[in-house]
Every structure is written in C-alpha cells, then in structure tokens.
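Asker: Below: one structure in structure tokens.
Every number here is computed from the coordinates shown, using simple stated rules; none is lab data. Bear in mind the structure is a predicted one, so any value in this text is a computation, not a measurement. As a convention, Cβ positions derive from the backbone with ideal geometry for all residues, glycine included, and neighbour counts pool all protein chains shown.
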Amino acid sequence: MPDRSRDRSRSPRRAAGATETCCALEACRDAHRWAAYECHFSKTTFKTEASQVRTRVIACHGQCRTFILCEKGQVPKSIQKAKDRKELVLAAMTVRMNPYRHYSKMWAQVLHMSAWEERQGHGSKLVSAVEELLRQEGVDVIVSYPAPTQQAESFWNKMGYRGQDPSLLPDEELIPRCRGGPLWPEQSLSGEPLERWEKRLAACAQQPREEVTRTRPGGDGRRYREFVWRPKDLRKRLASEVTMSALQLQKLMSSPVRRRMRGKQPPLVAEGSIAQVL
Ligand SMILES: CC(C)(COP(=O)(O)OP(=O)(O)OC[C@H]1O[C@@H](n2cnc3c(N)ncnc32)[C@H](O)[C@@H]1OP(=O)(O)O)[C@@H](O)C(=O)NCCC(=O)NCCS
C-alpha cells in the first residue's frame with residue numbers, strides 16, 4: 001500500500017489551487033486600526049501628518065474607511081501588540097468616501113497608502129482588493145494624489161491611475177474642501193500642489209439621489225456649508241462584512257481582467273461580474 005500521507009497534490013488547498021496566503025479586510029476593530037496606523041506612520045511620507053493620519057484611521061474622521069492586507073491567520077487581535085508593532089499588517093490603505101451630491105453612487109479619495117515591506121507586491125494586492133470591495137458597494141471612481149516620488153508615481157501608474165482631462169468626476173465634486181466641497185487636494189512637503197490622478201472602476205448609469213441632503217456650517221471660516229452624510233450614505237455593508245479571503249484575492253489577481261489592466265487604462269467592469277471572478 002503506497003504511503004500517501006505526504007502526497008500534497010491531494011490536499012484540498014492544492015486542489016482548490018489556493019497558493020495565496022494574504023487576505024484583505026476593512027479595519028473593523030481597534031487592533032486593526034492601530035496596526036494600520038503604525039503601518040502608515042512607519043513611512044516618511046506620513047510622518048509630518050501623524051495626527052491627521054491618527055484621527056482618520058483610528059477615529060474614522062473625515063468620512064474615512066481603512067483597509068488592511070494581512071497574512072492569513074495573522075490579523076491583529078491585540079491593540080497593545082499592534083501599537084508595539086508585534087502584530088503587523090502587510091499593507092494599509094485609508095480612503096475618504098464621498099457620496100455624489102446629485103447621484104446615488106459614491107466615489108473615493110485615497111488619503112494614505114503604505115506597505116510595511118515594500119516591493120513585495122503587497123501594495124498592489126491591497127489596492128486591487130479595495131477597488132473590488134468598494135466597487136461592490138457602488139464606488140465608481142477612485143482619486144489619488146501620488147506623492148512626488150518615483151516610487152509612488154510608478155506604483156499608482158502601474159495600478160491604472162492617470163491624470164484625466166476632463167475629470168471623471170462631475171464639476172460639483174471637484175470643489176475643494178476650503179470652499180466647502182468634497183475634494184481634499186493635497187500638496188507636497190514644500191507646498192507644491194500635487195496632481196490628481198483618477199481611475200474609473202465601473203461604468204454605470206448614475207441614478208439621481210432621491211433624498212435631500214442636510215448641510216451644516218463648515219469649511220473656511222464657516223463661510224461655506226458642508227454636506228452631512230448619514231453612515232448608510234458612506235457604506236452599503238458593515239465593516240465586519242467587508243472582507244476578501246485568500247482564495248478570492250488569488251482569483252481576483254489572476255483574473256484576465258486584472259492581468260490585462262496592468263500598466264494600461266483599466267477596463268470597465270460590468271456590474272455583477274465579480275460573481276464570475278470570485
Ligand atoms: C507606494 C507603496 C504603497 C507601494 O507598495 P509596494 O508593496 O511597495 O508596491 P508593489 O510591490 O505592489 O509594487 C507594484 C508596482 O509599483 C511600482 N513600484 C513600487 N515600488 C517602486 C519603487 N521603489 N520604484 C519604482 N517602482 C516601484 C512598480 O511598478 C511595481 O511593480 P513591479 O514590482 O512589477 O515593477 C509602498 O512602496 C510604500 O509604502 N511607500 C511609502 C509610502 C508612500 O509613498 N505611499 C504612497 C503615497 S501616495
């Protein structure tokens with residue numbers, strides 16, 4: 001009788017073709033958020049804005065949501081260990097969610113993106129996963145302001161982000177924060193305005209927003225009114241439900257759509273096609 005105990009071709013994992021060991025999820029516990037914060041804070045790019053990063057990641061201020069990439073089975077559990085960098089995430093991404101003022105969908109702006117160990121493919125895995133997870137919730141455009149470094153520009157370019165003229169966003173979404181609008185323009189450490197890059201995730205007909213949105217005084221010296229969004233305007237699922245398993249991530253990364261888009265303008269993915277991808 002042959003000994004099959006070491007025959008790995010028979011393992012269910014191999015049978016399912018699961019070689020990916022990372023999973024992506026929305027930070028829904030304090031331990032996740034602290035680990036994400038430490039990941040961002042470990043980068044020189046974000047050192048000068050530590051307090052902003054902290055309120056956005058830990059307190060979710062500014063309509064922010066944070067996503068993390070972890071080694072399977074190594075999702076941070078302890079706040080103290082995350083703060084002491086004993087429990088780490090592989091990469092973290094913080095985005096600001098923006099419901100369209102006149103339409104029912106959302107667009108998102110990347111505020112912070114970092115990979116703990118760089119050039120290991122973790123950054124691109126997390127961005128791909130987040131794009132898909134957000135697309136499932138009705139986000140159709142993502143905006144990023146790449147830091148003025150070869151690394152950041154090359155990264156966002158590789159992920160399919162480009163300067164767009166005209167913008168993929170309607171005019172009312174391009175009003176900057178200082179004038180009471182939703183866009184948060186960014187600048188370099190020397191104060192130079194950074195270029196806005198955009199990527200369309202899905203082609204979809206825009207449904208008009210039915211409910212009237214409330215406003216409150218805000219913006220520069222309270223001269224402008226800010227829109228007040230309810231939590232359900234900023235997400236369609238609970239944070240704890242926004243996850244992508246290692247197998248789903250593997251399928252996403254190896255899908256023909258994803259492979260085709262590397263270094264090119266992204267294709268428009270039809271609604272519901274993730275069901276085939278996953
Ligand atoms: C930018 C960052 C998030 C990228 O994450 P990463 O895990 O290192 O990126 P990946 O390994 O997935 O690389 C994907 C692609 O990005 C590009 N890239 C990444 N690092 C690069 C570098 N140092 N130089 C040139 N290109 C680079 C490459 O095109 C790479 O593809 P390739 O390896 O097939 O050539 C990460 O390097 C980081 O944390 N940087 C510091 C913080 C920062 O600058 N964040 C962005 C602010 S806008």
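Asker: Residue 105's amide H: which non-local residues (gap 5+, or another chain) put their own amide H closer than 5 Å, with H modeled 1.01 Å from N in plane and none for Pro or chain starts?
Answerer: 100, 207
Asker: Between residue 223 and residue 78, what length comes free when the chain is fully extended (0.36 nm per residue of separation minus the Cα-Cα distance, one decimal in nm)?
Answerer: Working: separation 145, 0.36 × 145 = 52.20 nm, distance 4.30 nm.
Additional length available on full extension: 47.9 nm.
Asker: Compute for the range 21-256: radius of gyration divided by Kirkwood radius, i.e. Rg/Rh, restricted to C-alpha atoms, rounded to two decimals. Before the final figure, lay out each step's value.
Answerer: Numbers: Rg = 17.2 Å, Rh = 18.2 Å.
Rg/Rh: 0.94.
Asker: Evaluate the distance, in nm, between pseudo-label points positioned 7 Å from the Cα of residue 61 and of residue 209 along their respective Cα→Cβ axes.
Answerer: Inter-label distance under the simple model: 2.3 nm.
Asker: Hey, another quick one. Taking R0 as 22 Å, what FRET efficiency do you get between residue 164 and residue 254 from their Cβ-Cβ distance, rounded to the nearest 0.05? Don't skip to the end; give the middle numbers.
Answerer: Numbers: r = 28 Å, r/R0 = 1.27.
That pair, residue 164 with residue 254, gives E of 0.20.
Asker: How big is the range 64-142 along each principal axis, measuring the range of its Cα positions in Å and listing the largest first?
Answerer: For the range 64-142, the Cα extents along the three principal axes come out at 45, 26, 21 Å.
Asker: Taking the simple approach of a point 7 Å from Cα along Cα-to-Cβ for both residue 85 and residue 216, what is their distance in nm?
Answerer: 3.7 nm
Asker: About the Cα centre, and with charges only on the beta carbon of Lys, Arg (+1) and Asp, Glu (-1), how big is the dipole of the range 150-204? Nearest 20 debye, please. Working shown, then result.
Answerer: On the way: 7 positive and 9 negative charges, 40 e Å.
Value, rounded to 20: 200 debye.
Asker: Here's something else I'd like to know. Only four residue types carry charge here, +1 at the Cβ of Lys and Arg and -1 at the Cβ of Asp and Glu. Report the dipole size of the range 21-256 about the Cα centre in Debye, rounded to the nearest 20. Show your work: numbers first, answer last.
Answerer: Numbers: 38 positive and 28 negative charges, 136 e Å.
Dipole magnitude for the range 21-256 comes out near 660 debye.
Asker: Kirkwood hydrodynamic radius for the range 143-218: how many Å is it when counted over pairs of different Cα atoms? Write out the running numbers ahead of the final one.
Answerer: Working: mean 1/r = 0.0687 Å⁻¹.
Its Kirkwood hydrodynamic radius stands at 14.6 Å.
Asker: Right, next: Among 34, 122, 152, which residue has its Cα positioned farthest towards the positive end of the charge dipole of the range 21-256, with +1 placed on the Cβ of Lys and Arg, -1 on the Cβ of Asp and Glu, and the dipole taken about the Cα centre?
Answerer: Toward the positive end, the furthest listed residue is 34.
Asker: Residues of the range 187-223 with the amide nitrogen closer than 18 Å to a label point 7 Å from the Cα of residue 174, along Cα-to-Cβ, please.
Answerer: Residues 187, 193-201 qualify, since their backbone N sits under 18 Å from the label point.
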